[in-house]
Every structure is written in C-alpha cells, then in structure tokens.
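Structure, as structure tokens:
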Amino acid sequence: MKVTYGLLFLLIIGHPGFSQVKMKKAEGGFLFTENQKEVLFFQTEPKNKEGQYERCNYIHPLWGIKGNILTEDFPADHLHQRGVFWAWHQIWIGDKRIGDGWELKDFEQQLNEVEYVSDRDGSAVFKTEVAWKSDKWKRLGEKIPYLKENTTITIHPEKSNYRKIDFEIHLLALAENLSIGGSEDEKGYSGFSVRMLLPEDVIFSGPGGELKPEVTQVESKGYVNISGSVGANQTKGGLVIVDNPDNPGYPQKWILRDRNSMQNAAFPGNKTIPVSTTESLVLKYSLIVYSGKMNDRKIQKIVK
C-alpha cells in the first residue's frame, strides 16, 4: 500500500499484523504504539516556537516503559534542543559555511519519503529519506539539497523491563567538498543526542562504573546508562545510549549534563570531517529504555 501526505511519500511493506509495534499517522508525524501504549512519536512536519527554531526529523515524545514521557522539546534553557536528535554545528561546502543544524540556523530539513516495515519478530522498522537545505545554498535563486540523509529506526517490542530502539543514519553529500563538525569550542557538541527529563537523583554510569559529568568530554567505552527516578510516580528506571563498535571514532566520547541540557555521543567533536558524494557516512546508535534496574551484564547481553 502506498499513501501520499503532501510532499511526504509513505510506503508500507509487509503485513501490519506481524508487528507488535504499530504505526499510525498523527498530527505532525507518526505515532508508534505497542498494545495501545505509546512508545514514541516521530516528527515529520516542521515545528517551531513563535516562528523560531523550526525543526523536524526527530523523536519527541519518547515514552518510558511505565508510560511516562522521558524527553523534552523546546526546553526554556536551550530552545534548539529537541527529544532524540542528531545534528552538527558546522556545515561547510568548501570554505563557505552554509548552516548550523544544531542551533537550527540557516538549516532546513525536508522529509521526502518514509517507509514502514512490519517485521515478523514484532518490531517496527521505520525508514526516512531527508533532504538538507539552506538559504545559503541556492541555484537560480532556489534552495537545493546539499545532503541526503537516510535513517532507519528499528523499534523492538518490550521485553521484561526494557525496550531497545536501533538507529542507523546514512549521510551522503549532494555537493562536492561538503564537511560537517561539532561546536568549535573544547566541548565539541556534535551528532547523536537525547534531551532527557532528568530526575534530581540522576546517576550516570558506564562499563567502568559511575561517571561524573564534566564541562568537557567524558570517556565511556560503548555506552552511558542514565538512571534515577525517571518512571511514573518517581519509580526507578533509565535510558542507556549505546555507541556501536562500527561507528567511526569508536569509542566516541560523551558530553554529559546532570541538568539543563542534552546527553551527546560527540562525533566528530570540534573538528570537521568530509562527507562523500559516493559513499555514505554511516552512524549507528541504540537506546535501551527500561524500568527498575539495568546492570552492565544485562546491557552487554542486549546489545550483542
């Protein structure tokens, strides 16, 4: 079945009966549910606050296992931050800086196509094709795409006390000499990020034990576990952000914040890297949303 929503083209493959995780069109994007319980909402249509900080192509809300919302959008302290997102401060074509996808300056994304696949294991596979544009990159007075993004999000059914969500992001330049990078300070904000509602008792941990957020980057090979009273009625739970071993620069470093900001697997940091016109830059991450406790041994088993 094929359905068109304005510029957005939707292709549904497989039989929805196969999937425990189901998708439906909703105002602004697509809502994913399991057993009629909200899982996540993917924003496909442009959204702004009083005409500023327009964004799409991100997840918010992301719901916890107990049905509470885990993410924020348009937070007062950083209005550009948004749910689960991936973005870069520096976007260059040659020696011309054409946009800032992190702070949403001279930056536009257009979702041209989405695809929903119901898998026999109960998962929902959601694929997007997104064009990146800028007022600073035009041909004959018209904005033209300079990068094509293809992202696959696999939303697995709930198991025991957790749910795993996988991300695979492909970036292909449509203009020669394109490069992307993070903030040009020592922090190097860049790449895959989660703006999470943080409890007062938040704890960060990795394979080596508890982590302390610093002003600059922190090392934690493979993942960061963010835990505390994040569940409904202050029950314990958390979110694990997983850095895939296939990623360039693995293990990537982290920017962690215990209040008023996002959590970021920083790639490539404050430098810039080229994006090819012939071979996609591929980035892979996973989220593990859980209730109760989640130790290193269980995380390692889940991500295998």
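The values are calculated or read from the model by the stated rules, or taken from the named source; none is laboratory data. As the structure is a prediction and not an experimental result, all values here were calculated from the model. Positions of Cβ are generated from backbone atoms using ideal geometry, with glycine treated the same way; all protein chains shown enter the neighbour counts. In case anyone asks, the SASA skips ligands and DNA or RNA and just uses the protein heavy atoms, side chains included. Shrake-Rupley method; radii C 1.70, N 1.55, O 1.52, S 1.80 Å.
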Cα convex hull of region 224-304 - mean projected area over all directions, nm²: 6.9 nm²
Whole-Å distance, taken between Cα centres, linking region 64-95 and region 228-289: 12 Å
Those GluC sites (Glu not before Pro) in region 29-99 that DSSP places in a loop and that have at most 12 other beta carbons within 10 Å: GLU50
Percent of alpha-carbon pairs separated by more than 25 Å within the chain: 47 percent
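Taking a cut-off of 26 Å, what percent of all Cα-Cα pairs in region 69-208 are separated by more than that?
I get 36 percent for the Cα pairs in region 69-208 exceeding 26 Å.
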GNM flexibility winner over the chain from TYR223, TYR53, TYR189 (Cα, springs under 10 Å): TYR53
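Sort ASP246, ASP296 by heavy-atom solvent-accessible area, probe 1.4 angstrom, most to least.
Working: ASP246 105, ASP296 60 Å².
Output order, biggest surface exposure first: ASP246, ASP296.
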Top of PRO213, PRO157, PRO61 by mean-square fluctuation, Gaussian network on the chain, Cα under 10 Å: PRO213
Computed [θ] at 222 nm, helices only, for the chain once each DSSP H run of length n ≥ 4 contributes -39500 (n - 2.57): -500 deg cm²/dmol
Per residue value of the accessible surface for the chain (all protein chains in place, 1.4 Å probe), Å²: 46 Å²
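Please report, as a whole percent, how much of the solvent-accessible surface of the chain comes from carbon and sulfur atoms (probe radius 1.4 Å). Before the final figure, lay out the partial values.
Numbers: 6480 of 14030 Å².
Carbon and sulfur: 46 percent of the exposed surface of the chain.
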